[in-house]
Structures are given as structure tokens and as C-alpha cells.
Amino acid sequence: MHDQVKAVLFDFGLVLSGPANVVVWDEMKRELAMDEATFHPSYWQFRDEYDRGTLNGTEYWNAVAGRKLQDAEVAELKRLDTELWTDMNEPMVAWAERLQKAGVKTGILSNIGDAMEDGIRGKLAWVAEFTHAVWSHQLKMRKPEPEIYAVAVKGLGVPAEQILFVDDREENIRGAEAAGMLGIVYKNHAAFLAEMERRDFLDLWGA
């Protein structure tokens, strides 16, 4: 086991999970009777506020739709949103499990809204096996704000310099490094493993 790393901190979207499910994306458009040109910008326009907890799930979907939705419509959109982002990145999920079995602390640090957290926890029982999880909406802040990394470090109970953070966004990794952590940007699995080898972390991958 690599002596330098005592905990691995994972982003959820596009690290533990894979890309958005395009079939579900189309279902969401049909549910809202919106075309791609309208739905795509609306979905992302309010996402930062949702992840920050400024908007809850119901408020977010009303904002995306541009109208007050019925409760049943909101419930279905929340369900679909969970499905959209829970096609898992199996090699990374399996790595987290190996780390846990080897006694290495694992954490999640994700920019995510309240209904998404509920959906993920309800669907993916293995999320409870992580040592600590930081969901941005709970703190009313987002990566790469410095304070959110401090919460993750405290929750893991490991010095920042002994935590490896994996995230798909460069700015979030820079934020983690500024907080004292090690960091690797996850773009695809082959590139990730190559970087793990370059950093002499492959023994950690084997866990």
C-alpha cells in the first residue's frame, strides 16, 4: 500500500458514475414537452443553484420547466434525474470497494442537489460504505470553494496531504491541491491509470 495516501476521496458524477444516460435524457425532455434546444440550457442554467442548495429539487425542476409543475411531475423528474447519473463507472466503484476492504478510508465529495442525494442513497446501498460523504447542497457551498475541502478532510480524519482526490474537473482538483491534498483529474480510465502509474500509485490501485 502506498504510504503517502491514507484516504481516497471521490467525486460522484463522471468518476464513480459514468456519462449521462442518453435514453433517460430523452425521457426527461418528453416529460417536460421540451426539445433539446430548450431543455439542455434550462437543465444546466439552474444546476449550480441546485447543487449549492439555494434551490431544492422541486424549485429546481419548476425553474427548468418555467412553470409550476404538479407533484407527480416533479417526483418523476427527480426519479429520472437519478437514473440519468447512476450508470456506474464499474472499475472505479470496484476500486473503492477494494480500498475499503484493505482498510483505506474512502470519501465522496460531490456538487449535488438534495433530491439527487436522496435518489443516489436510495438506489445505491454501497454509498453507505464510504467513511464520509460531503454533498454540496447540505453546506450551501460548492467545489472549488476552499471551505468544502476542509469539511471533507475533517470528515475523513486524515491529514490533507495524505488524501488523494479524484475529480473530472481541473478546477476542482486545483482547489483540492490548494487545500493540501493530492489530486488526479479523471478524464477516462486509461488516462487515469497512466497517471496513477506515473505518480507511483499503482500499488494503491491494487489495494
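For residues that are surrounded by fewer than 16 Cβ atoms within 10 Å (Cβ to Cβ) and either without any contact (Cβ under 8 Å) to a residue 60 or more places away in the chain or within 17 Å of Arg121 (Cα to Cα) (or both), tally how many sit in segment 48-58.
1
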Next on the checklist: List pairs: first residue in segment 1-30 and within 15 Å of Asp87 (Cα to Cα), second residue assigned to a helix (DSSP H, G or I) and among the hydroxyl-bearing types (Ser, Thr, Tyr) anywhere in the structure, Cβ distance under 9 angstrom, at least six positions apart or on different chains.
Outcome noted: Trp25/Tyr43
Next on the checklist: On the basis of being out of contact with any Asp or Glu (no Cβ under 6 Å at 6 or more places or on another chain), surrounded by 21 or more Cβ atoms within 10 Å (Cβ to Cβ) and either among the charged types (D, E, K, R) or not assigned by TED's automatic domain parsing to the domain that holds His132 (or both), does Val74 make the cut?
Outcome noted: no
Next on the checklist: Taking the criterion of being touching a residue at least 24 places away in the same chain (Cβ under 8 Å), farther than 17 Å from Arg121 by Cα and surrounded by fewer than 16 Cβ atoms within 10 Å (Cβ to Cβ), would at least one residue in segment 62-71 satisfy it?
Outcome noted: yes
Checklist outcome for this item: Within segment 63-105, the residues that are of a type in the set (Phe, Trp, Tyr), assigned to a helix (DSSP H, G or I) and in contact with a Gly (Cβ under 6 Å, 6 or more places away or on another chain) are none
Checklist entry - Does Leu55 meet the test of being farther than 23 Å from Met181 by Cα, assigned to a loop (DSSP other than H, G, I, E, B) and outside the structural domain of Asp168 (by TED's automatic domain parsing)? => result yes
Checklist outcome for this item: Filtering segment 175-207 down to residues that are surrounded by 12 or more Cβ atoms within 10 Å (Cβ to Cβ), over 18 Å from Gln162 (Cβ atoms) and touching a residue at least 12 places away in the same chain (Cβ under 8 Å) yields Val185, Tyr186, Lys187, His189, Phe192, Leu193
Next on the checklist: I'd like to check which helices (runs of 4 or more DSSP H) are fully inside segment 107-207 and have at least 2 residues that are within 24 Å of Ala94 (Cα to Cα).
Outcome noted: 114-123, 146-156, 170-178, 189-198, 202-206
Next on the checklist: I'd like to check something: does segment 132-141 contain any residue that is closer than 15 Å to Thr54 by Cβ, basic (Lys, Arg) and surrounded by fewer than 21 Cβ atoms within 10 Å (Cβ to Cβ)?
Outcome noted: yes
Checklist entry - Of the residues Gly183, Gly157, which is within 17 Å of the chain's Cα centre (by Cα) and farther than 19 Å from Tyr50 by Cα? => result Gly183
Checklist entry - For segment 105-127, what are the residues that are surrounded by fewer than 21 Cβ atoms within 10 Å (Cβ to Cβ) and among the aliphatic types (A, V, I, L, M)? => result Leu124, Ala125, Val127
Item to check | Arg79 out of contact with any strand residue (DSSP E or B) (no Cβ under 7 Å at 6 or more places or on another chain), over 19 Å from Val8 (Cα atoms) and without any contact (Cβ under 8 Å) to a residue 12 or more places away in the chain | outcome: no
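The values are calculated or read from the model by the stated rules, or taken from the named source; none is laboratory data. Everything numeric in this text was worked out from a predicted model, so none of it was measured. In this analysis, Cβ positions are derived from the backbone assuming ideal geometry, glycine residues included, and neighbour counts consider all displayed protein chains.
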